[in-house]
1. With label points built 7 Å along Cα→Cβ from the Cα atoms of Arg156 and Glu99, find their separation and express it in nm.
2. Roughly speaking, what % of Cα-Cα pairs in segment 1-40 are separated by over 17 Å, rounded to a whole number?
3. Looking at segment 144-184 from every direction and averaging, what is the projected area of its Cα convex hull in nm²?
4. With θ set to phi - 60°, apply the Karplus curve 6.51 cos²θ - 1.76 cosθ + 1.60 along segment 50-59 and write out the HN-Hα couplings as whole Hz, x wherever there is a Gly or Pro.
5. Roughly what would the spin-label model give for Thr177 and Thr49, points 7 Å off Cα along C-beta, in nm?
6. In nm, what is the difference between 0.36 nm times the number of residues separating Arg194 and Gln75 and their Cα-Cα distance?
7. Mind running the shape call on segment 14-87? Use the C-alpha gyration tensor, a ≥ b ≥ c as the square roots of the eigenvalues: rounded below 1.5 for a/c, prolate if a/b tops b/c, oblate otherwise.
8. Would you mind calculating the relative contact order of the chain from Cα pairs under 8 angstrom and at least 6 residues apart, reporting the percent as a whole number?
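Only the coordinates and a few stated rules stand behind these numbers; no lab work does. As the structure is a prediction and not an experimental result, all values here were calculated from the model. Virtual Cβ from ideal backbone geometry, glycine too; neighbours counted across all protein chains shown.
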Amino acid sequence: MTGPVRVVVADDHPVVRDGLVAMLGADPGIDVVGTGSDGAEALETVAATHPDVLLLDLRMPVMDGVATLRALAEQEGPRPRVLVLTTYDTDHGIRAAFEAGADGLLLKDARREELVRAVHDLAAGGAVLTPSTLAVLAAPAAPSAALSPRETDVLRLVAEGCTNRAVASRLGIGEATVKTHLLHVYEKLGASDRASAVRTAWERGLV
């Protein structure tokens, strides 16, 4: 391709977003043409600027990265190549991103030269796959923990910091029932306590 690679950066953390813009902008072969703080803003910016590459955070408010990828896939006409940036290279996150149409994935702790090279590789039609990404995609999909709707409700309230008593009050059930639901959640997620259950569910996109 001729001219610099046109890039849009979408991340809900201003410090991270500004850092990515600065790192990419230091390369003469890259032109950052827009930014977004969530998926909805990313789509608007992409429509207005027609970039070659979209750097997309997976976890954002309003519209997360996977929902943004799905929306891009439904649009007519050419779309940018999408490089997903994430903090956690979990099975769920990687598979969801690539099933929704991601072209590459990097962890946020990647070095500047890795990021710049990834942008150029994607713009040239290549793929960006880390060893951990390749391992996840090559392995059979892990069975998902099928939480019941009530178990999900309980875990979401626990994630918000509610005690068992508060969860029982919010859901109109007994405190003993809350404890039973949590025990089932721990078993399904392979967790030993509330904190690890919330963390595991968050990483798998269950809450």
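1. 2.0 nm
2. 28 percent
3. Hull-based average projected area comes out at 2.7 nm².
4. Result, ordered by residue: 6, x, 7, 9, 10, 8, 10, 6, 6, 10 Hz.
5. 5.1 nm
6. 38.8 nm
7. It is oblate, given that a/c is not under 1.5 and a/b is not larger than b/c.
8. 15 percent
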